[in-house]
1. Show the residue pairs that are 6+ apart or on different chains and have beta-carbon atoms under 6 Å apart, the first residue being within segment 33-59 and closer than 21 Å to Asp10 by Cβ and without any contact (Cβ under 8 Å) to a residue 12 or more places away in the chain, the second being surrounded by 11 or more Cβ atoms within 10 Å (Cβ to Cβ) and β-branched (Val, Ile, Thr).
2. Any residue at all in segment 18-26 that's farther than 18 Å from Ala2 by Cα and more than 12 Å from the chain's Cα centre (by Cα)?
3. Looking only at segment 43-57, which residues are surrounded by 11 or more Cβ atoms within 10 Å (Cβ to Cβ) and at pLDDT 95 or above?
4. Kindly indicate the residue of segment 27-42 that is of a type in the set (D, E, K, R) and exposed (fewer than 11 other Cβ atoms within 10 Å of the Cβ) and also nearest to Ala2 (Cα to Cα) among those meeting that condition.
5. Considering segment 6-24 alone, what residues qualify as being among the hydrophobic types (A, V, I, L, M, F, W, C) and out of contact with any Pro (no Cβ under 8 Å at 6 or more places or on another chain)?
6. Output the number of residues of segment 1-28 satisfying the condition of being of a type in the set (Asp, Glu), touching a Lys or Arg at 6+ places or on another chain (Cβ under 6 Å) and in a strand (DSSP E or B).
Amino acid sequence: MAKPKLSFYDVKTKKKFETDEYTVTEKNDRWFAVAQSPAGGHECWRVLGRDEAAKLAKT
């Protein structure tokens, strides 16, 4: 099953982008979706709710 697309904000280029290529990561009891920026090799992080993270981790 394909992952749903999420929108991320690239702070370095100040632009939003959507992707379905991301990983769900837990850090200090908080959940994040981490994706590579299309404009460069840096990572963009998006905060997820606990329920949303559990749902996305299964896909």
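The values are calculated or read from the model by the stated rules, or taken from the named source; none is laboratory data. Everything numeric here is computed off the predicted structure, so don't read it as measured data. For neighbour counting, all protein chains shown are included, and Cβ atoms are generated from backbone atoms with ideal geometry for every residue, glycine included.
1. Glu43/Val34
2. no
3. Applying the first criterion (surrounded by 11 or more Cβ atoms within 10 Å (Cβ to Cβ)) to segment 43-57 yields 43-46, 48, 50, 52-57.
Selection gives Glu43, Cys44, Trp45, Arg46, Leu48.
4. Lys27
5. Once the filter is applied, which keeps residues that are among the hydrophobic types (A, V, I, L, M, F, W, C) and out of contact with any Pro (no Cβ under 8 Å at 6 or more places or on another chain), segment 6-24 yields Leu6, Phe8, Val11, Val24.
6. Quick first cut of segment 1-28, residues of a type in the set (Asp, Glu) only: 10, 18, 20-21, 26.
Adding the requirement that they be touching a Lys or Arg at 6+ places or on another chain (Cβ under 6 Å) leaves 18, 20.
Going one step further and asking which of them are in a strand (DSSP E or B), we end up with 18.
Qualifying residue count for the region: 1.
Okay, residues lined up against (1) of a type in the set (Val, Ile, Thr); (2) in contact with a Gly (Cβ under 9 Å, 6 or more places away or on another chain); (3) modelled with pLDDT of 95 or more; (4) surrounded by fewer than 14 Cβ atoms within 10 Å (Cβ to Cβ):
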position: Met1; (1), (2), (3), (4): no, no, no, yes
position: Tyr9; (1), (2), (3), (4): no, no, yes, yes
position: Thr13; (1), (2), (3), (4): yes, yes, no, no
position: Thr19; (1), (2), (3), (4): yes, no, yes, no
